[in-house]
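This report concerns only the one structure given below.
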Amino acid sequence: MILKVKNILSICFLLYSFSITCQSKKPNILFIFSDDQCFETIGANGQTIVETPNLDKLTKSGTTFTHAYNMGAWNGAVCAASRAMLITGTSLWQAQNAVKNVRNKEQLSWPEMMSQAGYTTYMSGKWHVPVPANSVFDVTNHVRPGMPKTVKEAYHRPVLGENPDTAWYAWDKTNGGFWQGGKHWSAVLADDGVAFIEKAKNDDNPFFMYLAFNAPHDPRQAPKAYIDKYPLDKIALPENYQDLYPDMGEDGVPKIRDENLAPYPRTEYAIKVHRQEYYASITYMDEQIGRILDALEKSGKADNTYIIFTSDHGLAVGHHGLVGKQNMYEHSLRVPFIVNGPGVKPGAKIHSPIYLQDAMVTSLELAKQKRPDHVVFKSVLPLMKDSNKKSYDAIYGAYMGIQRMIIVGDWKLIAYPKLKKNKLFNLAKDPLEMDNLASHPMYSEKLEELRLALEKMMDKQNDPMSSIAEADYEVKKQKAH
């Protein structure tokens with residue numbers, strides 16, 4: 001009898017030990033998030049001259065999702081909607097209420113779900129969600145607002161021949177912005193990331209790190225050495241450059257803050273300078289990412305860490321005569337999305353469309369944490385096992401009450417209901433969206449097919465717009481927090 005009891009105790013101890021071992025084998029997750037970074041700005045992909053050696057390494061040793069999208073926004077601060085969806089796992093028109101539920105402790109946020117799965121959670125950088133970051137993360141540092149403060153001289157610029165003594169320069173620390181506090185915010189975030197990893201290497205719990213750069217959001221500031229990497233004569237204008245977007249205005253693409261950074265009409269000189277500053281900001285951020293990755297390697301934790309890199313949306317910076325992200329074109333909806341870690345196929349590219357918010361559910365699956373019923377996004381892990389699979393039959397996009405979008409296969413429809421205008425593109429043949437086929441009789445059936453698909457998707461998404469066919473609809477007020 002005593003022997004049997006001893007055997008039972010031994011078995012219980014072994015099971016307990018096995019449970020602890022399994023728990024400790026949960027992978028660490030490092031989520032690196034940029035702001036305003038278009039999909040074309042990873043050097044390894046060869047689409048622009050931007051230099052990103054550290055992101056290139058992640059690309060070559062990991063898997064890239066070439067068509068990762070943001071759904072859009074209910075107001076001009078597209079990043080606020082993007083991050084609300086990311087943190088709550090809910091889609092565009094449900095995310096504001098979901099954030100309220102998180103704030104009221106009626107619903108778990110992404111970091112709280114990771115904490116529930118046994119993770120120590122760390123956060124630094126841009127937050128832009130109306131919930132105190134320190135109420136949902138275990139450790140926070142340098143929690144930043146939506147964007148650094150800027151100055152009026154940063155707008156409607158540059159103008160060829162302007163007075164150099166009064167011009168705005170990206171490296172001028174007296175302009176504040178990313179330089180506020182004395183050290184560039186990208187470098188501060190890297191400092192925090194390195195310190196977090198140093199702490200985590202002695203922690204038995206797996207870690208979940210949320211490191212969110214404000215870069216390359218404007219004001220696009222970087223040390224002068226990084227600006228000098230991109231002389232203007234080396235910068236090409238986007239092939240779909242225009243002096244002015246024809247459907248700009250309150251019923252199309254609004255002339256709000258982002259668009260006012262460059263002068264109207266656009267000039268080749270102004271757009272080249274903005275792209276110069278954009279690239280420099282990205283390259284400087286990439287160097288800071290390198291510091292974080294080096295610290296991870298030195299910590300001994302790299303072999304059991306998954307890294308997910310993405311951005312909250314893209315940016316035009318001269319495409320189509322636009323500068324900002326308040327539009328439904330690829331340059332403003334699509335972002336980089338890279339997954340790196342144990343067992344991830346190196347150098348792979350997956351073209352099946354996803355949402356960037358799939359990062360949240362991917363981390364939950366890696367953490368062996370059940371996806372809550374209210375979370376609508378999906379893990380990318382099944383696509384990494386079988387690239388022929390699809391997570392979504394269609395990709396939906398919306399901007400306030402003035403733009404709607406759907407992608408089905410190779411086809412994309414952008415609708416401006418108040419203008420009673422549609423734009424139809426074949427993305428396979430026309431990836432730069434330069435040939436609008438909406439008025440071509442040959443494509444009338446395809447246009448109608450996508451219009452119906454969009455309206456069905458709007459119903460599925462509980463879109464407050466009743467129909468894209470109606471120009472006099474009443475959109476529910478969506479207030480930004």
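For the list (1) part of a loop (DSSP other than H, G, I, E, B); (2) within 28 Å of TRP179 (Cβ to Cβ), I need the number of the one condition that TYR279 fails.
Condition (1) is where TYR279 drops out.
Under 7 Å between Cβ atoms, at least 6 apart or on separate chains: pull out the pairs that start in the stretch 54-66 with a residue that is at negative phi and not assigned by TED's automatic domain parsing to the domain that holds ILE32 and end on any residue that is crowded, with 23+ Cβ neighbours inside 10 Å and at pLDDT below 95.
none
So that you can scan it fast, the table gives a plain yes or no per residue for (1) part of a loop (DSSP other than H, G, I, E, B); (2) modelled with pLDDT of 95 or more:
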position: LEU189; (1), (2): no, yes
position: VAL194; (1), (2): no, yes
position: ASN202; (1), (2): yes, no
position: ALA236; (1), (2): yes, yes
position: LYS255; (1), (2): yes, yes
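Any residue in the stretch 89-102 that is surrounded by 18 or more Cβ atoms within 10 Å (Cβ to Cβ), free of Cβ contacts under 8 Å to residues at least 60 places away in the same chain and aliphatic (A, V, I, L, M)?
Scanning the stretch 89-102, I find at least one residue that is surrounded by 18 or more Cβ atoms within 10 Å (Cβ to Cβ), free of Cβ contacts under 8 Å to residues at least 60 places away in the same chain and aliphatic (A, V, I, L, M), so the answer is yes.
Would a scan of the stretch 24-36 turn up a residue that is modelled with pLDDT under 95 and not in a loop (DSSP other than H, G, I, E, B)? Lay out the reasoning, then the answer.
Just the residues of the stretch 24-36 that are modelled with pLDDT under 95, to begin with: 24-25.
If we keep only those that are not in a loop (DSSP other than H, G, I, E, B) too, we end up with 24.
Checked against the condition, which is being modelled with pLDDT under 95 and not in a loop (DSSP other than H, G, I, E, B), the stretch 24-36 yields at least one hit.
Given the condition closer than 23 Å to TYR306 by Cβ, part of a helix (DSSP H, G or I), in contact (Cβ under 8 Å) with a residue 60 or more places away in the chain and not assigned by TED's automatic domain parsing to the domain that holds ILE407, answer yes or no: does some residue in the stretch 120-140 qualify?
No: the stretch 120-140 contains no residue that is closer than 23 Å to TYR306 by Cβ, part of a helix (DSSP H, G or I), in contact (Cβ under 8 Å) with a residue 60 or more places away in the chain and not assigned by TED's automatic domain parsing to the domain that holds ILE407.
(1) surrounded by fewer than 18 Cβ atoms within 10 Å (Cβ to Cβ); (2) under 21 Å from MET71 (Cα atoms): which one isn't true of LEU450, the others all being true?
It is condition (1) that LEU450 fails.
Sort through LYS152, LYS201 and tell me the only one that's in contact with a Ser or Thr (Cβ under 9 Å, 6 or more places away or on another chain) and basic (Lys, Arg).
One residue alone meets the criteria, LYS201.
Applying the selection to the stretch 309-337, what residues are closer than 16 Å to PRO238 by Cα and either among the aliphatic types (A, V, I, L, M) or more than 14 Å from the chain's Cα centre (by Cα) (or both)?
LEU315, ALA316, VAL317, GLY318, HIS319, HIS320, GLY321, LEU322, VAL323, GLY324, TYR329
On the basis of being assigned to a helix (DSSP H, G or I), surrounded by 14 or more Cβ atoms within 10 Å (Cβ to Cβ), more than 21 Å from the chain's Cα centre (by Cα) and among the acidic types (Asp, Glu), does GLU198 make the cut?
Values: assigned to a helix (DSSP H, G or I): yes; surrounded by 14 or more Cβ atoms within 10 Å (Cβ to Cβ): no; more than 21 Å from the chain's Cα centre (by Cα): yes; among the acidic types (Asp, Glu): yes.
Spelling it out, it is not the case that GLU198 is assigned to a helix (DSSP H, G or I), surrounded by 14 or more Cβ atoms within 10 Å (Cβ to Cβ), more than 21 Å from the chain's Cα centre (by Cα) and among the acidic types (Asp, Glu).
The values are calculated or read from the model by the stated rules, or taken from the named source; none is laboratory data. Being a predicted model, the structure only gives us computed values, none of them experimental. FYI the Cβ positions are ideal-geometry reconstructions off the backbone, even for glycines, and counts take in every protein chain you see.
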